[in-house]
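Each remark here refers to the structure printed beneath this line.
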Amino acid sequence: MVKKLLIVLMIALFGATSGFAEDGLRIAHVDSKLIFDGYKGTKKAQEEYDRQVAKWEQQGNLLQKELSAIKEKLDKQVLMLSDEKKRELEAEYAKKDSELKNFMDRVYGRKGELISENEKISGPIIQLIRKAVTEIALQEGYDMVVDRATGAVLFWKKENDLTNKVLDYLNNR
């Protein structure tokens, strides 16, 4: 939906270029992906995020190992176990399996902690980038700035590219 809106907007812009030129509309462009990747603050945030992801992976691996150990014990000793002991191990296996599934859903699910952590870490950076783009666009006298990273930009002049200016602005703060 957003892409369609951007494409319609771009067609309208390119279709009416002569009218805009008369009005003096100045349009610049940036590549938000290049800015995000090139900003020093992103690297620090990515390291923090990676540390948290590594902790979750360790927890998940530990739960998986515990589950595998119970399964292996059940498989190897099934003939030697009493019915009561067998039921206990099966119940322990079911409990550990449920624990692992709950963990995976809590962390990696659609509304999981992984997504929340990513938003928590990247959100302030995205806001900072938007602020920097706005400040530079106002300083440079641009009326509109489009983002090439969305894929909707069909043509751009290199001299209207604010990507490096935004990166310099952010990295020199």
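The values are calculated or read from the model by the stated rules, or taken from the named source; none is laboratory data. What you see is a predicted model; the values in this text were computed from it and never measured. Cβ atoms come from the backbone with ideal geometry, glycine included; neighbour counts cover every protein chain shown. Remember, those area values only see protein heavy atoms, side chains included, never the ligands or the DNA or RNA. Shrake-Rupley method; radii C 1.70, N 1.55, O 1.52, S 1.80 Å.
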field: First in segment 90-102 and closer than 25 Å to LEU79 by Cα, second anywhere and part of a helix (DSSP H, G or I) and basic (Lys, Arg), Cβ under 7 Å, 6 or more apart
entry: TYR93/LYS71
task: Look at VAL2 and say whether it is of a type in the set (Val, Ile, Thr), loosely packed, with under 11 Cβ neighbours inside 10 Å, farther than 23 Å from GLU113 by Cα and modelled with pLDDT under 60.
output: yes
- prompt: Has segment 149-160 got any residue that is at pLDDT 85 or above, of a type outside the set (Gly, Ala, Ser) and not in a loop (DSSP other than H, G, I, E, B)?
  reply: no
- line: Picking from LYS85, LYS65, LYS71, the residue that is touching a Phe, Trp or Tyr at 6+ places or on another chain (Cβ under 8 Å), open to solvent by 40 Å² or more (accessible area, probe 1.4 Å), part of a helix (DSSP H, G or I) and free of Cβ contacts under 8 Å to residues at least 60 places away in the same chain would be LYS71
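Results for (1) open to solvent by 50 Å² or more (accessible area, probe 1.4 Å); (2) of a type outside the set (A, V, I, L, M); (3) closer than 28 Å to GLY24 by Cβ, shown as yes or no for each residue.
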| residue | (1), (2), (3) |
| --- | --- |
| GLU99 | yes, yes, no |
| ASP105 | yes, yes, no |
| GLY109 | no, yes, no |
| GLU113 | yes, yes, no |
| ARG130 | yes, yes, yes |
| ALA137 | no, no, yes |
| VAL145 | no, no, yes |
| ALA149 | yes, no, yes |
| GLU159 | yes, yes, yes |
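Here's the yes/no breakdown for (1) in contact with a strand residue (DSSP E or B) (Cβ under 7 Å, 6 or more places away or on another chain); (2) not polar (S, T, N, Q):
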site: GLU99; (1), (2): no, yes
site: ILE126; (1), (2): no, yes
site: THR134; (1), (2): no, no
site: GLN139; (1), (2): no, no
site: ARG148; (1), (2): yes, yes
